[in-house]
Amino acid sequence: MFSHKEQMKIVIISVMIGSILCLHYLTFPALRYYHAVYRMLFYLPLVLGSLWFGMKGAVYICVSVSVLFLPHAIIQWEWFSVDDFHRFSEGVLYIGIAMILGFLVEREKKKHRALVRVRSLAAVGKAVSEIAHDMKTPLVAIGGFAKQVFKKLEPDNPDRKKLGLVIQETAHLESMVREMLDFGKPVELQFTEIDFNELVSDSVRVAQPIAKENGIELETDLATSLPSVVLDAPRVKQILSNLITNAIEASHAGDRVWVCTSLNSLGVVLEVSDHGDGIAKEYHESIFNPFFSTKREGAGLGLGIVKKIVETHGGDISFSANQEKGVTFTVRLPLRPET
Ligand SMILES: Nc1ncnc2c1ncn2[C@@H]1O[C@H](COP(=O)(O)OP(=O)(O)OP(=O)(O)O)[C@@H](O)[C@H]1O
Ligand SMILES: [Mg+2]
């Protein structure tokens with residue numbers, strides 16, 4: 001659960017708290033000035049714990065120090081004397097500082113993670129588009145020439161099947177390269193006023209043949225009376241196509257995939273839900289990362305592109321495990337771009 005480094009940190013904090021508590025319990029209660037200094041020492045593990053473990057660390061330290069110190073506080077209790085009031089306000093201050101420290105550290109960590117992600121995405125995007133650009137021309141040539149030779153071969157030629165495979169695999173590589181090129185480019189949106197449900201229905205219609213081929217029922221549950229929205233229609237279709245394809249790929253024959261729309265206070269909501277095997281917990285942090293894929297032939301760019309398009313629209317995307325089985329991806333998009 002904890003790495004070796006984290007275990008060491010926990011030991012350091014525990015030893016500090018233990019030593020301070022020993023000082024308290026082994027010093028005669030009447031030596032108030034000593035106890036006042038020892039109480040101040042509690043800030044050391046608190047600061048370290050908050051810095052190392054954020055809000056969780058701060059809360060754990062606060063609770064354990066309070067519980068372990070309670071018997072001593074009871075021994076020193078003088079029925080509402082000035083000293084009692086001092087000790088009580090010190091305790092409140094201690095908890096307050098712990099919460100503020102934990103909150104600030106957590107916020108900084110989040111900002112740092114976002115910055116690292118943006119920087120690494122930009123670097124990956126640049127490298128990917130350079131590679132994809134160099135791969136595109138030879139791939140188009142291979143595919144084109146293979147098709148020409150394929151057409152000239154007699155139907156009973158034994159090499160026809162092999163060449164068919166070359167064409168199929170080249171087409172697959174070409175589509176991966178197209179995705180990689182798309183990933184490297186900044187998303188520029190062309191806004192138009194559209195009927196969101198119609199757009200969803202179109203995308204579902206396009207995906208129906210693949211769903212059928214895999215024995216999957218693709219169903220829709222569209223909200224009535226959705227207002228018209230101002231979005232980039234082809235890009236939103238890209239979102240739908242990627243999410244529906246993933247849902248179909250995750251499903252087993254006989255399963256159902258649902259595509260639903262609704263309205264909330266911020267805009268339109270799109271949900272794509274399947275009854276597949278779901279996403280393992282250890283992959284939760286990675287699925288939106290470029291090139292993360294658990295599929296033999298997956299480029300691992302679909303969700304990265306989807307996230308980029310959604311965020312460029314000012315929306316957000318999340319996913320959650322379904323109660324029985326599978327996963328639901330939820331996309332929230334504003335009704336119109338912010339001006
Ligand atoms: N509906 C889903 N159910 C289970 N796992 C999913 C689902 N959607 C995505 N994933 C996981 O997230 C990973 C990343 O998805 P993503 O769409 O980015 O790439 P991919 O589907 O593997 O490849 P491609 O680039 O062809 O889309 C998948 O490989 C899969 O492990
Ligand atoms: Mg995909």
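The values are calculated or read from the model by the stated rules, or taken from the named source; none is laboratory data. Keep in mind that what you see is a predicted model, and the values were worked out from it rather than measured. Every residue, glycine among them, receives a Cβ derived from its backbone with ideal geometry; neighbour counts consider all protein chains shown. Note: accessible area is taken over every heavy atom of the protein model, side chains too, but ligands, DNA and RNA are not part of it. Shrake-Rupley method; radii C 1.70, N 1.55, O 1.52, S 1.80 Å.
For a straight C-alpha distance cut-off of 23 angstrom, the lysines reachable from Lys109 (same-chain residues fewer than eight places away being disregarded) are Lys5, Lys9, Lys56, Lys281, Lys307, Lys308. All other residues whose Cβ lies under 14 angstrom from that of Glu198 are scored, Lys and Arg at +1 and Asp and Glu at -1, for a net of -1. With the whole protein complex present, Tyr94 retains an accessible surface near 20 Å², based on a 1.4 Å probe. Placing Leu70, Leu139 in order of accessible area, with the largest value first and a 1.4 Å probe, yields Leu70, Leu139. Charges were assigned to the Cβ only: +1 to each Lys and Arg, -1 to each Asp and Glu. The resulting dipole of the range 192-334 about its Cα centre is roughly 280 debye.
Think of a 1.4 Å ball rolled over the protein heavy atoms: the range 192-334 then has 50 Å² of accessible area per residue. Summing charges over all other residues whose Cβ lies under 12 Å from the Cβ of Asp255, with Lys and Arg as +1 and Asp and Glu as -1, gives -4.
Can you figure out the FRET efficiency of Asn157 with Glu219, using R₀ = 56 Å and their beta-carbon distance, to the nearest 0.05? Rounded to the nearest 0.05, the efficiency is 0.80. Under 1.5 on a/c is rounded, so check that first for the range 126-184, then, if it is not, pick prolate when a/b is larger than b/c and oblate when it is not; a ≥ b ≥ c are the square roots of the alpha carbon gyration tensor eigenvalues. Cα axes put the range 126-184 in the prolate bin. Across Arg107, Arg235, the residue with the most accessible area heads the list, and the full order at a 1.4 Å probe is Arg107, Arg235.
Charge dipole of the range 4-114 (Cα centre as origin; +1 on each Lys and Arg Cβ, -1 on each Asp and Glu Cβ, all else neutral): 620 debye, rounded to the nearest 20.
Our estimate of slack between Ser14 and Glu78, defined as 0.36 nm per intervening residue step minus the Cα-Cα distance, is 20.1 nm. Note on Asp277 and Gln208: with the Förster distance fixed at 25 Å, the Cβ-Cβ geometry gives a FRET efficiency of about 0.65.
To the nearest 10, the accessible area of Ser89 is 50 Å² with a 1.4 Å probe. For Met55, the accessible area of its heavy atoms, probed at 1.4 Å with every protein chain present, is near 60 square angstrom. Across the protein chains, with a 1.4 Å probe defining accessible surface, the residues Leu44, Leu26, Leu270 rank Leu26, Leu44, Leu270 from largest area downward. Between Ile305, Ile97, Ile194, the residue with the greatest mean-square fluctuation in the GNM of the chain (Cα pairs under 10 Å linked by springs) is Ile97. Of the residues Ala36, Ala253, Ala122, the one that moves most in a GNM of the chain with alpha-carbon contacts below 10 Å is Ala36.
Overall, the chain carries a charge dipole of about 1020 debye about its Cα centre when +1 sits on the Cβ of Lys and Arg and -1 on the Cβ of Asp and Glu, all other atoms neutral.
With a Förster radius of 25 Å applied to the C-beta separation of Leu263 and Ser293, the computed FRET efficiency comes to 0.15.
Largest GNM mean-square fluctuation across Glu311, Glu154, Glu297, computed for the chain with C-alpha springs under 10 Å, falls on Glu154. Using alpha carbons only, how many degrees (0 to 90, rounded to 10) separate the axis of helix 196-213 from the longest principal axis of the chain? It works out to around 70 degrees.
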